[in-house]
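Inspection log for the structure reproduced underneath, given as structure tokens.
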């Protein structure tokens, strides 16, 4: 327990050193290469920790859905990459530079194409950093990597994946004052991307609602995701309110249930 507490303190001390000083760089300037460098380093760490699921048909399907959504995002300077991690836990994440990750456990949890689209749209939305401070984020990341042996035991492998830049870098490089506000903005962007790319935005809301079911057989596998992507009633209410402002009343969407179940057969065996 003492070691875990020390790990938490290390993270907050490092982040605290960055907040409060440092200039802001604009997207496309020197920060762009630092963003790519941080993202590539995180990606290498993830590949060294998790097994990648290489089944070609499913990978192509996820990539196609992801790229369809990413074309609607503001950050068209990013080379979006979609990676399936072979892990039974329900998890999705992102890393600077356009990396988006989803586990085989999450693909088993989902039941339709619009739900997959919702999960990917959220992670893409979270990558739309405003005026990134990647010079300072790089310093945070490097210090986190140096203390990685302490961070891991405190948060577990999936939790450490989130910490190694996915949430901490998000705090450093964005203007938002809280993780909750970052989540809300990513949700709002996700709804916009889903509608403009032809997916029913209800898929994102339905997925989050199912995560709240205390009797779900997936409940033990959702722990890490709900820690880093809290699903509160306030979040659902804000999503419902944002959904109500979308111009979708007369639009017919296909949930893509049969298509999704067909493409994800390999993870359901």
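Rank-order 210-221, 227-238, 39-50 by packing density, defined as the average count of other C-beta atoms within 10 Å over each peptide's residues, highest first.
Highest mean packing first, the order is 39-50, 227-238, 210-221.
Can you sort 207, 103 from fewest to most other Cβ atoms within 10 Å of each residue's own Cβ?
207, 103
Would you mind computing, in nm to one decimal, how far apart the modelled labels at residue 88 and residue 250 are, each placed 7 Å from Cα along Cα→Cβ?
The answer from the label model is 5.0 nm.
Set the Förster radius R0 to 35 Å, insert the Cβ-Cβ distance between residue 234 and residue 257 as r into 1/(1 + (r/R0)^6), and round the FRET efficiency to 0.05.
Plugging the Cβ-Cβ distance into 1/(1 + (r/R0)^6) gives 0.75.
Relative to the present Cα-Cα distance, how much length would full extension add between residue 59 and residue 219 at 0.36 nm per residue of separation?
Net length gain for the segment: 55.1 nm.
Counting other beta carbons within 10 Å of each Cβ, put 102, 69 in order, fewest first.
Neighbour counts put them in this order, fewest first: 102, 69.
Report the full-extension gain for the segment residue 40 to residue 128: residue separation times 0.36 nm, less the Cα-Cα distance, to one decimal in nm.
Answer, rounded to one decimal: 30.0 nm.
Fewest first, what order do 223, 184, 260 take by the number of other Cβ atoms within 10 Å?
223, 184, 260
Could you list the residues of the stretch 241-263 with an amide nitrogen less than 12 Å from a label point located 7 Å from the Cα of residue 212 in the Cα-to-C-beta direction?
The answer is 241.
If we sort 57-68, 109-120, 191-202 on the protection proxy, mean other Cβ atoms within 10 Å, highest first, what's the order?
Going from most to least packed, we get 109-120, 191-202, 57-68.
Rule-based calculations on the coordinates, nothing more; no lab input. This is a predicted model, so every value here is computed, not measured. Cβ coordinates were reconstructed from backbone atoms using ideal geometry, including for glycine residues, and neighbour counts include every protein chain displayed.
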